[in-house]
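Derivation of every value follows stated rules applied to the coordinates shown; laboratory data play no part. Fair warning: this is a prediction, and the values are worked out from it, not measured in the lab. FYI the Cβ positions are ideal-geometry reconstructions off the backbone, even for glycines, and counts take in every protein chain you see.
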Amino acid sequence: MKVAGVVPAYNEATRIERVLSVLAQCACLHEIIVVNDGSVDNTSEVVLQFAERHPNLPIRLVNLPANRGKGGAMFAGATATDADVIAFFDADLIGLQPEHVERIIQPVREEQVAMAIGVFRGGRLSTDLAQILVPYISGQRSLLRELFVEIPGIERTRSGVEIALTLHFQRKRYPVAQVVITGITHTMKEEKLGWWRGTLARWKMYWEIARAFARYMRLSDLRHGLLLRGRGSD
């Protein structure tokens, strides 16, 4: 199976190179696609410079003219490739290693599951705790590309993209696995933006997650109701 690594990035110029350096070591990836989601810093320049220093690596940059949110960036990356499997990685990861990448991709590439989700352990308390409580919001995951692009409205979910993915796969009963990846964390919004702006950004993210949850739960309820109605007419 052809596997593409997709990295959605918004204002990650100071952090994305360490993630690209790891992905560049992974023989399991046939290409690496960075989606610059309307950044106002020099994220795109950092990516292009990295690609120039590694001319033998299949690295592509997709520049979005305006910020579409994480769901929009992930959709742009998924539709920019014909890979069978796409593996998403956040641009602000700390401690990512090639073995983490391989472990997340392997269950899907070997057709054991339709999606594998990487969950943090042994990084730092705040991110470990968040993924213990709600593991299905992790941004590190691999899945069959055709199943991602079929999700209705996924490109409009912004920060709610992971919960939308989870609910869709549950509704369709696609097999999913959790993969523990140790010694990894990510940069918090408060560390990127300062306490006040970071806190506002965090609550905006929570709102987008809640909105996606409500929307896809409504879709699930609608489908369930249609099924019951159909059975009642038999």
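Tabulated results
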read-out	value
Gained length - GLU17 relative to LEU200, 0.36 nm times residue gap less alpha-carbon distance	63.2 nm
Environment charge of GLU52, counting only residues whose C-beta is closer than 14 Å and scoring Lys/Arg +1, Asp/Glu -1	0
Theoretical gain in end-to-end length, ALA210 to ASP82 [0.36 nm per residue, Cα-Cα removed]	43.0 nm
FRET efficiency, SER44 to TYR174 (Cβ-Cβ, R0 25 Å, nearest 0.05)	0.15
Aspartates and glutamates whose Cα lies under 14 Å from that of LYS204, excluding same-chain neighbours fewer than 8 positions away	GLU190
